[in-house]
Amino acid sequence: MKQNHPPLIEFRNLTVIKGLTKKVLDSINLTINIGENVAIIGPNGSGKSSLIKTITREYYPVSTVPDMVCRIWGQEVWNIFDLRYLLGIVSDDLMKDCFRKISVRNTILSGFFSSIGLYRHNITKDMQDKVDYLLDFLDIEHLSNRNMTELSSGESKKVLIARALVHDPKALVLDEPTNSLDLRALHHFQQTLRKIAGSGINVVMVTHHLQDIIPEINRVILLKEGRIFRDGIKEDILTDNNISMLFEVNTQVVKRDGYYYAWV
């Protein structure tokens, strides 16, 4: 029997102010349903990271805006620790926090407790088995006993993805996931995301690089100056005209083997 689920993310008239007056998000209307893989694209300063921080409850919208809705999985109020069962988060901030002399295995295990490292936590066999599964699933078993300080950027991001997946979340949310990756690491990272999307986990990616958009992503949202500039099917949104207006430079968009590239 088909089950009806609430939207994964539902924002209406959502405005976020940073400091006293600066609107980092302005009247955002956004719904992301289960089963949608989405890329959110915009230039630096467009509000992409603010949108992620609103999703993860690090930022809160202005509550006095009329008809404002800010729901995750149908709920407006969440304990931030409970959100980890719904959303797996990978960000540069987390990567910096995890750059310590902690083993890969313990870094992944720490995802069960939303900690950085382990501190007298009770580790069960089920947790260990889950880590073994994720190490195998993401092809990083060989890194298990190495410290996070010894890894490349690409290896570290795979480890943080494993950490984010320990609770079997509905969606994996990635904030600028390919920063600092070389071409080889980018290729391997793309293949990892394709594997995750193919397993049934939603991928919600924030980026300013078109080539980050894996073929499994079917919807693209363009964000500019804190507002949604375009939103729709990938093929309709990733056009020369839309991308040129978004980044304010004449751009040619090329599609090759399911991936998109922008040329100035």
* **Pro61 being within 22 Å of Pro177 (Cβ to Cβ), in contact with a Leu (Cβ under 9 Å, 6 or more places away or on another chain) and in the same structural domain as Ile213 (by TED's automatic domain parsing)** => no
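A quick yes/no check of all residues on (1) in contact (Cβ under 8 Å) with a residue 12 or more places away in the chain; (2) among the hydrophobic types (A, V, I, L, M, F, W, C); (3) over 23 Å from Leu51 (Cβ atoms):
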{"position": "Ser156", "(1), (2), (3)": "yes, no, yes"}
{"position": "Ile161", "(1), (2), (3)": "yes, yes, no"}
{"position": "Thr178", "(1), (2), (3)": "yes, no, no"}
{"position": "Gln190", "(1), (2), (3)": "yes, no, no"}
{"position": "Ile196", "(1), (2), (3)": "yes, yes, no"}
{"position": "Ile214", "(1), (2), (3)": "yes, yes, no"}
* Just need a number here: residues in the range 90-110 that are of a type outside the set (D, E, K, R) and not in a helix (DSSP H, G or I). => 6
* **Top-ranked residue in the range 156-180 [being part of a strand (DSSP E or B) and either in contact with a His (Cβ under 8 Å, 6 or more places away or on another chain) or not acidic (Asp, Glu) (or both); ranked as nearest to Ile108 (Cα to Cα)]** => Leu172
* Asked: What about Asp139, is it over 18 Å from the mean Cα position of the chain (by Cα), farther than 16 Å from Gly88 by Cβ and in a helix (DSSP H, G or I)?
  -> no
* Kindly indicate whether any position in the range 68-80 is surrounded by fewer than 17 Cβ atoms within 10 Å (Cβ to Cβ) and touching a helix residue (DSSP H, G or I) at 6+ places or on another chain (Cβ under 8 Å). => no
* For the range 181-264, please list each of the strands (runs of 3 or more DSSP E) lying entirely inside it that holds at least 1 residues being in contact with an Asp or Glu (Cβ under 8 Å, 6 or more places away or on another chain) and not assigned by TED's automatic domain parsing to the domain that holds Ala162. => 202-207, 219-224, 227-233, 252-256
* Asked: Restricting attention to the range 1-53, which residues are under 23 Å from Leu210 (Cα atoms) and in contact with a Pro (Cβ under 7 Å, 6 or more places away or on another chain)?
  -> Thr31, Ile32, Asn33
* Asked: Can you find a residue in the range 29-43 that is over 17 Å from the mean Cα position of the chain (by Cα) and assigned by TED's automatic domain parsing to the domain that holds Arg219?
  -> yes
* Asked: Are any of the residues in the range 96-105 of a type in the set (Gly, Ala, Ser) and at pLDDT 90 or above?
  -> yes
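The values are calculated or read from the model by the stated rules, or taken from the named source; none is laboratory data. Keep in mind it's a predicted model, so treat the numbers as computed, not measured. In this analysis, Cβ positions are derived from the backbone assuming ideal geometry, glycine residues included, and neighbour counts consider all displayed protein chains.
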